[in-house]
Amino acid sequence: MLRFSLVGLVITSCLSSPVVFAKGERYGAGVSQLTLESHDYDYGSSGEQNALRYSLVHTRPIDEDNNRWRWWLGLSYLSESVPAPNRGVYEEVSNLELRAVPQYALGSWSIFTPYIGGGVSLGYSQYSNRWKVDAGGYRFEQLEDKQDFEVGAVVAIGSVIKLGSNPDAHLQIVPQISYTLPLVNDGIKGIELSVSLLF
């Protein structure tokens, strides 16, 4: 738990910014539903599970002379128990993720600005209370807990919905769908549907 707290502190410091907002910068929060895909272990596979993930979000222009490009920086947390299939592995997952995704705006139509993006996910996960499960669905042997630092590739598509007439002060609602593909360690992966509010 101490290691988990230290990782959170380091990631939070990476997101810290000056108090004065630069032009085009946004801060906010989001919630998402993530479909946790199964992991393959020596004994069997873990199950699939829908989980809620909560995020702090910061966006800023990549180039102030080209408003089509911006950074999407997110710090996310989830904690979920993952049921096991028969002859599989039950486990409880806690995850901290730092996501950095350059986004490109495809255009602007009225209050809508659709975009695409691709970037990287850096995560730290704890897999605890792990059990082998037999053919009848009963736990019969406890496994060691495990911790992993994880790196993944992220692709995303979504749209900014602007609320208000002042382009420098309006609120933004941002629905988005993304997918994370593990690159280092077989970590958190799956399709994620999210909604964020930025100001």
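The values are calculated or read from the model by the stated rules, or taken from the named source; none is laboratory data. None of these values were measured; they are calculated from a predicted model. Glycine also receives a Cβ, built like all others from the backbone with ideal geometry; neighbour counts cover every protein chain displayed. What goes into the accessible areas is simple: the full protein's heavy atoms, side chains included, and nothing from ligands, DNA or RNA. Shrake-Rupley method; radii C 1.70, N 1.55, O 1.52, S 1.80 Å.
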Expected 222 nm ellipticity per residue - DSSP helices of 4 or more, -39500 (n - 2.57), all of the chain, to 500: -2500 deg cm²/dmol
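If you average the sequence gap of Cα pairs under 8 Å that are 6 or more apart and divide by the length of the stretch 52-199, what percent do you get for the contact order? Each step should come with its number before you reach the end.
On the way: 396 pairs, mean separation 25.2, N = 148.
Reported relative contact order: 17 percent.
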Using only Cα atoms, find the angle between the long axis of helix 2-15 and the longest principal axis of the chain, and express it within 0 to 90 degrees, rounded to the nearest 10. 20 degrees
Geometric extent, Cα atoms of the chain - Rg, Dmax (angstrom): 18.9, 62
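By the scheme Lys and Arg +1, Asp and Glu -1, what is the net charge of all other residues having a beta-carbon under 11 Å from that of Gly44?
Numbers: positive: Arg87, Lys132; negative: Asp40, Asp42, Asp134.
Neighbour charge sum, excluding Gly44 itself: -1.
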The correct ranking of Glu64, Glu150, Glu37 by accessible area at 1.4 Å, largest first, is Glu64, Glu37, Glu150
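Can you pull the percent of the chain's accessible area that's carbon plus sulfur, 1.4 Å probe, other chains left in place? Walk me through the intermediate numbers first.
Details: 6420 of 10720 Å².
Accessible surface attributable to carbon and sulfur in the chain totals 60 percent.
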Please compute the net charge surrounding Glu92, taking Lys and Arg as +1 and Asp and Glu as -1 over other residues with Cβ under 11 Å from its Cβ. -2
Heavy atoms only, 1.4 Å probe, whole protein assembly: order Tyr127, Tyr41 by accessible area, highest first. Tyr41, Tyr127
With a sphere of radius 15 Å drawn around the Cβ of Glu144, what net charge do the other residues whose Cβ falls strictly inside it have (Lys, Arg +1; Asp, Glu -1)? -2
How many nm is it between the label spots at Ala153 and Ile177, if each spot is 7 Å from the Cα in line with the beta carbon? 2.0 nm
Which of Trp69, Trp109 is most accessible, then next, and so on - probe 1.4 Å: Trp109, Trp69
For Asn166 and Tyr43 in one chain, what is 0.36 nm times their gap in residues minus the Cα-Cα distance, to one decimal in nm? 38.5 nm
